[in-house]
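First up is the structure itself, then whatever we jot down about it.
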Amino acid sequence: MLRRPVELKNYTSTQFADTLKRHNLRQSVGRTGICYDNAMAESFFAALKNECVHRTQYPTQAHAHRDIARYIELRYNSRRRHSGLDYKTPQQVHNEYHERQFAA
């Protein structure tokens, strides 16, 4: 059963940091006034909207979920190269990371 995440008002709060820690996630918030923290996420969502969502009318929410998941897994992660990833695909970077972990 999926549980909805607890809504937090302050993403730098102790409660938020503790939740991330429990799930072994790293917080992507830098120093105050640094605008680059979300650049990769914003780039991803811009690509998703321009290449997929804005070109499609979804009859149901389930259809949207399937189509967006398909876009992420089959197009974005496996074929689309990213300047922020040294012009590699997310899948290539993921594979290289696991190869380094396995070799260590």
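The values are calculated or read from the model by the stated rules, or taken from the named source; none is laboratory data. Predicted model, so just to flag it, every value in this text is computed and none were measured. No Cβ is skipped: glycine too gets one built from the backbone with ideal geometry, and neighbour counts run over all protein chains shown.
Listed values, structure above:
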| read-out | value |
| --- | --- |
| Pair list, Cβ under 6 Å, 6 or more apart: segment 48-68 residue of a type outside the set (Asp, Glu), other residue part of a helix (DSSP H, G or I) | Cys52/Tyr71; Tyr58/Ala64 |
| Close pairs from segment 79-104: first in contact (Cβ under 8 Å) with a residue 12 or more places away in the chain and among the charged types (D, E, K, R), partner outside any helix (DSSP H, G or I) and surrounded by 10 or more Cβ atoms within 10 Å (Cβ to Cβ), Cβ under 7 Å, at least 6 apart | Arg80/Thr89 |
| Verdict on Gln92 being at pLDDT 85 or above and surrounded by 10 or more Cβ atoms within 10 Å (Cβ to Cβ) | yes |
| Residue list for segment 36-73, restricted to those being in contact with an Asp or Glu (Cβ under 8 Å, 6 or more places away or on another chain), more than 20 Å from Pro90 (Cα to Cα) and surrounded by 13 or more Cβ atoms within 10 Å (Cβ to Cβ) | Tyr58 |
